Every structure is written in C-alpha cells, then in structure tokens.
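We did not get these values from a lab; they are worked out from the coordinates using the rules stated. Being a predicted model, the structure only gives us computed values, none of them experimental. Cβ sites come from the backbone with ideal geometry, for glycine too, and all protein chains shown count toward neighbours.
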Amino acid sequence: NVDDFPCKITAREMVGEDILSIRVRCPSIAESIYPGQFVLLRDPSWGMDPLLMRPFAVSAVHGEDLELLIKLVGRGTSLLAERSVGDDLVVRGPMGRGFSSPESSPIYVAGALGAAPLLFARQVFGAGRFVLGVPGEGWGPFVDYLEARCPEMEVFSDDGSIGVRGTALDGLEKGESCPIYACGPMGMMAAMVKLEPVSCQVSLESRMACGIGACCGCVIETVQGKKRVCADGPVFNLEEVVW
Ligand code: FES
C-alpha cells in the first residue's frame with residue numbers, strides 16, 4: 001500500500017548549478033523505504049499543472065528525514081527548487097522494487113546523479129568500493145557533496161578535470177566477482193554488459209511519467225518481455241535487460 005504523506009522541507013542546498021539536495025521529514029517512508037526504491041514528490045499548491053508527481057531516488061535516510069538529489073530538468077523540478085525550508089510538499093512512497101542485499105562486499109558504480117540510490121545502498125548495505133563518473137567541468141560542487149558522504153569515492157571525469165580521466169567503468173576489471181550495484185545513463189549500463197560482471201544489479205533512470213505503473217511510458221525490453229521501470233523496477237539484474 002502506497003500513500004501520500006504531507007511533509008515539510010527540513011534542509012535544502014544547491015550542489016551545483018542545477019542540482020538540488022533536499023531533505024523532507026516523512027517518518028513513515030523513512031522507516032520502510034529500501035535502497036533503490038524511489039518516491040514521488042509534488043508541491044501541494046500545484047493544481048493540475050504540473051499534473052504528475054515527479055519521481056526521485058532517495059540518497060539517504062536521516063532519522064525521520066529522506067534526503068533526495070534532484071536534477072533541475074524541467075518545470076516541476078524548477079518549481080521544487082524554489083521551495084524553502086519549512087515549506088510543505090506531498091510525498092508518495094516507497095515506490096518500485098529496490099536492490100537485494102549483497103552476499104559479499106559490494107562495488108557501487110555511479111554515473112553522475114546515479115550516485116543517489118547508491119549512496120543509500122551504501123548506507124544500508126555497508127561501505128565498499130564506490131566508483132563515480134561525471135562529465136567534468138562544473139561538477140566540482142556535486143563531487144564535493146558526494147565525497148563528504150563517501151570519502152573513499154573513486155572519481156573519473158570525461159574531460160579529466162576532476163579525478164582521473166575516463167568513465168566509472170574504467171574503475172572495474174573484466175569479470176568482476178564482487179556484487180555490483182550500478183546506476184547511471186543507459187549507455188553506461190549497456191557498456192557494463194561487456195565487462196561480464198558475475199553479479200550486477202542496475203537501477204534504471206528511464207524517464208517516468210505517471211510513476212505508478214499506469215501509463216506504460218517507461219517500458220523497457222527484458223528477456224521476459226516488456227517491463228515497466230517504475231513498477232517492475234527500477235532495479236533489474238543486468239542480464240535481465242535487453243540493451
Ligand atoms: Fe507510467 Fe511507468 S511511468 S507506467
């Protein structure tokens with residue numbers, strides 16, 4: 001059963017030009033949400049416009065607070081970024097199917113904002129290697145924010161301006177035997193297949209519309225046929241997805 005909860009913003013911070021970190025107090029979701037699951041968010045003052053609640057991965061739970069990382073990509077997210085500490089939001093969740101727990105020390109592999117659900121996984125499943133890839137220039141505040149939460153983070157950037165030049169996948173060996181948890185752009189996930197990891201769960205960042213399994217706007221092809229990222233995922237086994 002998934003409900004809507006009224007909740008207040010308890011902290012907010014811009015971590016880059018268009019990335020917002022926000023905390024909302026929502027005790028019932030905070031105690032039940034699992035890494036990889038997501039929440040839907042809307043401002044109670046939105047009437048029917050923007051119509052849909054927006055989906056966001058949870059990057060940490062702090063007591064009764066959920067921490068979210070939000071990329072400002074459109075009207076809904078820009079309106080969210082205008083909210084202040086103490087303002088009300090409506091949160092629905094936990095949504096979707098999250099990661100299953102690792103049997104041995106995991107490796108977290110993130111592409112940019114894909115770090116959000118993996119930070120929460122690290123909080124629950126324990127530290128392991130954490131490999132991050134970002135485009136580079138302009139991403140310094142975001143990387144600082146992540147490193148404050150995960151000091152062991154290994155950083156790669158496409159342009160070499162932060163950390164080592166390369167992508168997050170350059171931090172992995174072929175045939176890696178540790179369980180891998182990954183989240184990032186589809187191209188990065190597809191490239192992961194070539195590394196033939198023994199065990200890899202991926203959280204997909206498909207663009208969602210309804211977020212509740214009703215519109216089929218997030219359908220992907222899997223070896224068992226079509227699946228909805230929002231309702232059947234967003235976490236899938238790497239080998240389950242047709243890339
Ligand atoms: Fe509507 Fe997934 S976003 S079914």
- quick shape note, the range 104-149: Cα extents on principal axes in Å, largest first -> 35, 16, 14
- Query: Lone cysteines in the chain, going by a 4.7 Å Cβ-Cβ cut-off?
  - Reply: Cys150, Cys178, Cys183, Cys200, Cys216, Cys218, Cys230
- Message: Sort 150-163, 213-226, 107-120 by the packing proxy (mean of other Cβ within 10 Å over each peptide's residues), most packed first.
- Response: 107-120, 150-163, 213-226
- the chain - mean residue ellipticity at 222 nm from DSSP helices (-39,500 (n - 2.57) per run, n ≥ 4, rounded to 500): -5000 deg cm²/dmol
- Query: For the chain, what log10 I(q)/I(0) values come out of the Debye formula at q = 0.10, 0.11, 0.12 1/Å, with one point per alpha carbon and no solvent?
  - Reply: -0.44, -0.54, -0.65
- Using all C-alpha to C-alpha distances in the range 164-217, build P(r) with 5 Å bins and read off the rounded percent in each one. 4, 17, 25, 19, 13, 9, 9, 4, 0
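DSSP loop GluC sites (Glu not before Pro) in the range 1-101 with at most 14 other Cβ atoms within 10 Å of their Cβ, which ones?
Working: sites: Glu13, Glu17, Glu31, Glu64, Glu67, Glu82; in loops: Glu17, Glu64, Glu82.
Passing both the DSSP loop test and the Cβ count: Glu17, Glu82.
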- Once label points are set 7 Å from the Cα along Cα→Cβ at both Glu152 and Val164, what is their separation, rounded to one decimal in nm? 1.6 nm
- Item | Long-range lysine pairs (8 or more apart or interchain), the chain, Cα under 23 Å | 4
- Between Ser206 and Val85, take the C-beta separation as r, use R0 = 51 Å, and let me know the FRET efficiency to the nearest 0.05. 0.95
- Could you put Ser84, Ser28, Ser177, Ser21 in order, starting from the residue whose Cβ has the fewest other Cβ atoms within 10 Å? Ser84, Ser177, Ser28, Ser21
- Query: Hey, what angle do you get for helix 115-125 against the long axis of the chain, alpha-carbon based, 0 to 90 degrees rounded to 10?
  - Reply: 80 degrees
- Pair Leu195, Thr222: separation of 7 Å Cα→Cβ label points (nm): 2.2 nm
- Task: Excluding Cys215 itself, calculate the net charge of residues whose Cβ lies under 15 Å from the Cβ of Cys215, where each Lys or Arg counts +1 and each Asp or Glu counts -1.
- Result: +4
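If you restrict to DSSP beta bridges whose two residues both lie in the range 55-174, what percentage is antiparallel, to the nearest 5? Write out the running numbers ahead of the final one.
Working: 4 of 15 bridges.
Looking only at bridges with both residues in the range 55-174, the antiparallel portion is about 25 percent.
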